[in-house]
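The values are calculated or read from the model by the stated rules, or taken from the named source; none is laboratory data. Bear in mind that the values here come from a model prediction, so they are computed numbers and not experimental data. Counting neighbours? That spans all protein chains shown, and the Cβs are built from the backbone with ideal geometry, glycine included.
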Amino acid sequence: MHAIDLITSDIPPLRPQDEVGRALDWLEEFKVSHLPVVEGGRLVGLVKEQDLVDRTDPRGTVNSLMEQVEVPFIRGNQHVYEVMKLFTERGLSVLPVLDELGNYLGAITEHEALKRLSEITNIHEPGSIVVLEMNQVDYSLQQIAQIVEGNDGRVLSAYSHVLPGTMRLEVTLKINREDISDILQSFERYEIQVKTTYQGSRFHDDLRGRYEELMRFINL
């Protein structure tokens with residue numbers, strides 16, 4: 001899934017000559033804290049809610065308030081992981097999308113990106129979450145998948161990250177079964193440490209929590 005697939009038609013761009021009052025109205029209407037500024041089909045800036053709120057004259061234009069240096073954007077052909085990385089690094093609620101020639105294609109909202117990310121990671125699929133911990137040198141996704149499949153299960157998604165200051169790896173699996181007691185026993189037989197499990201109806205972590213764990217993987 002690429003950035004161009006995440007563009008929403010709900011977020012119109014501002015123009016440099018638009019009044020601050022209009023920008024504030026749109027921020028409220030679309031429930032975001034950033035808006036792109038476009039002129040002649042080119043991205044020329046980005047406005048932030050706080051800068052607009054601090055402006056005492058709502059009839060002034062956004063031209064003097066928009067960020068014009070190092071305006072964050074993503075190319076249409078970049079992967080959704082790169083989209084999420086930029087959202088977290090820059091603290092954005094809206095991310096402009098450009099084509100290879102620099103033409104403005106549209107914008108992605110953080111909400112839409114999170115929703116689509118949940119689709120490719122199968123967060124809403126029924127099943128269980130297992131968090132494993134092991135030495136980096138012992139990590140084998142093939143072996144882990146074989147253990148799961150050997151117990152009539154299937155790995156829906158998997159991601160990993162190094163625990164800070166260690167040579168240990170944390171691996172998070174989404175498995176398509178709610179009762180995974182036999183899979184957990186198999187991990188124990190192979191001396192793979194099961195750190196945490198969320199099985200069936202006991203798995204109630206929200207999308208934001210899963211997203212934060214994914215970001216640790218994406219930022220590697």
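Here the condition is being closer than 23 Å to Asp5 by Cα and at pLDDT 95 or above; of Leu92, Leu46, Leu105, Leu86, it holds for Leu105 alone. Would you check if there is a residue in the range 115-131 being assigned to a strand (DSSP E or B), closer than 28 Å to Glu178 by Cβ and of a type in the set (S, T, N, Q)? For the range 115-131, residues assigned to a strand (DSSP E or B), closer than 28 Å to Glu178 by Cβ and of a type in the set (S, T, N, Q): present.
May I ask you to say which residue of Val97, Val62, Val71, Val80 is under 16 Å from Ser9 (Cα atoms) and of a type outside the set (Lys, Arg)? Write out each step before concluding.
Working: Val62 fails: under 16 Å from Ser9 (Cα atoms); Val71 fails: under 16 Å from Ser9 (Cα atoms); Val80 fails: under 16 Å from Ser9 (Cα atoms).
So the residue among Val97, Val62, Val71, Val80 that is under 16 Å from Ser9 (Cα atoms) and of a type outside the set (Lys, Arg) is Val97.
Any residue at all in the range 196-212 that is exposed (fewer than 13 other Cβ atoms within 10 Å of the Cβ) and either in a strand (DSSP E or B) or at pLDDT 85 or above (or both)? The answer is yes, given that some residue of the range 196-212 is exposed (fewer than 13 other Cβ atoms within 10 Å of the Cβ) and either in a strand (DSSP E or B) or at pLDDT 85 or above (or both).
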